[in-house]
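A quick write-up on the structure given underneath.
Nothing in this text is a laboratory measurement; each read-out follows from the coordinates by a stated rule. Just so it is clear, the model here is predicted, and its values are computed rather than measured. Counting neighbours? That spans all protein chains shown, and the Cβs are built from the backbone with ideal geometry, glycine included.
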């Protein structure tokens with residue numbers, strides 16, 4: 001088990017190293033594995049793609065979903081070189097991935113300047129206590145969207 | 001101010017309604033605005049794109065970054081028909097958007113079956129207490145990536 005896990009972790013490490021050497025973004029790599037096969041690969045490409053959401057885990061999950069043709073990956077394992085940030089943990093839950101193998105910690109990432117720790121602190125607060133200027137408008141109109149959706153013939157739950 | 005905010009919120013509402021009618025995904029829309037101009041549009045496309053990260057806010061932020069050619073949007077406001085889920089709040093922080101206008105609440109979304117509430121509960125716990133099978137492997141090798149990155153000529157901080 002550890003041998004198998006370390007094999008896939010080394011794949012994630014290799015992606016991270018290549019990403020660093022190409023200047024694509026931060027030092028992070030990830031793979032998604034289903035039944036012993038890699039179905040998604042990702043490395044941080046925030047700088048290259050000019051996309052703040054282009055974390056290794058997000059890209060690996062998106063590629064895995066393309067490979068399997070579904071937005072849920074219940075039998076998948078995500079291997080990532082670092083504990084996922086809150087954005088990526090959210091993506092993990094939405095994708096229904098049930099197993100996570102990680103290497104470095106969020107503390108390690110924060111210690112070299114990444115925002116992980118600060119974002120984790122913010123996201124644990126309720127919205128009105130977070131370090132963002134948040135205002136609620138058109139509550140009723142926006143809530144009505146849920147009714148439109150619930151009665152839609154096109155509705156597919158996820 | 002409220003008039004301006006409601007104008008952009010109505011744009012987000014229109015995107016959400018169109019997305020519902022086309023069966024693209026959940027009932028959510030968003031726009032990113034800089035200096036009074038919409039620079040990014042998004043509506044939930046989880047079902048259409050088979051991508052669990054294709055939330056309205058993520059797509060709007062990605063489009064806005066493409067428009068401005070940068071992975072940071074410090075002067076932007078995100079208008080969204082619903083309080084962002086933890087994944088999208090994470091994206092908001094990584095993008096450095098400083099203002100958020102939202103309509104419905106995460107509670108509203110949870111009440112019609114979306115996972116927002118449950119994800120919020122999980123993400124507030126430390127990793128080993130969360131409802132995911134998480135294992136740490138190759139800590140040292142993965143931490144070494146940060147040193148490789150810090151000494152890389154290609155390094156661009158974000």
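Figures for the structure shown
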quantity	calculated
C-alpha center-to-center spacing [segment B:14-40, segment A:1-56] in angstrom	31 Å
Position residue A:113, label points 7 Å along Cα→Cβ, spacing to each other copy in nm (shortest first, one decimal)	4.7
Among A:131, A:44, A:75, residue whose mean-square fluctuation peaks in a GNM of chain A (springs only between Cα atoms under 10 Å)	A:131
Value of [θ]222 nm, deg cm²/dmol, for the protein assembly as shown, DSSP H segments ≥ 4, -39500 (n - 2.57) each, nearest 500	-14000 deg cm²/dmol
Other copies of residue B:66: label-to-label distances in nm, shortest first, labels 7 Å along the beta-carbon direction	1.3
GNM top mover of B:144, B:51, B:108 - chain B, alpha-carbon springs below 10 Å	B:144
Kirkwood-type radius of segment B:94-158, with distances r between different C-alpha atoms, in Å	16.1 Å
Shape category assigned to chain B from the gyration tensor of Cα positions, a/c cut at 1.5	oblate
Relative contact order %, segment A:19-156, counting alpha carbon pairs below 8 Å whose residues are six or more apart	16 percent
GNM flexibility winner over chain A from A:55, A:70, A:24 (Cα, springs under 10 Å)	A:70
Whole-Å distance, taken between Cα centres, linking segment A:106-158 and segment B:81-127	2 Å
Directionally averaged shadow of segment A:1-73, computed from the convex hull of its alpha-carbon atoms, nm²	4.8 nm²
At 1.002 mPa s and 20 °C, Stokes diffusion of the protein assembly as shown via Kirkwood alpha-carbon radius, µm² per second	110 µm²/s
In nm, spacing of pseudo-spin labels at residue A:154 and residue A:10 (7 Å Cα→C-beta vector)	4.9 nm
Percent of Cα pairs exceeding the 16 Å cut-off, where the set is segment B:35-122	53 percent
Gain upon complete extension [residue B:18, residue B:37; 0.36 nm per residue less C-alpha separation]	4.8 nm
For residues of B:129-137, the mean tally of beta carbons on other chains within 10 Å	6
Peptide-level mean, for A:51-64, of C-beta atoms on other protein chains within 10 Å	5
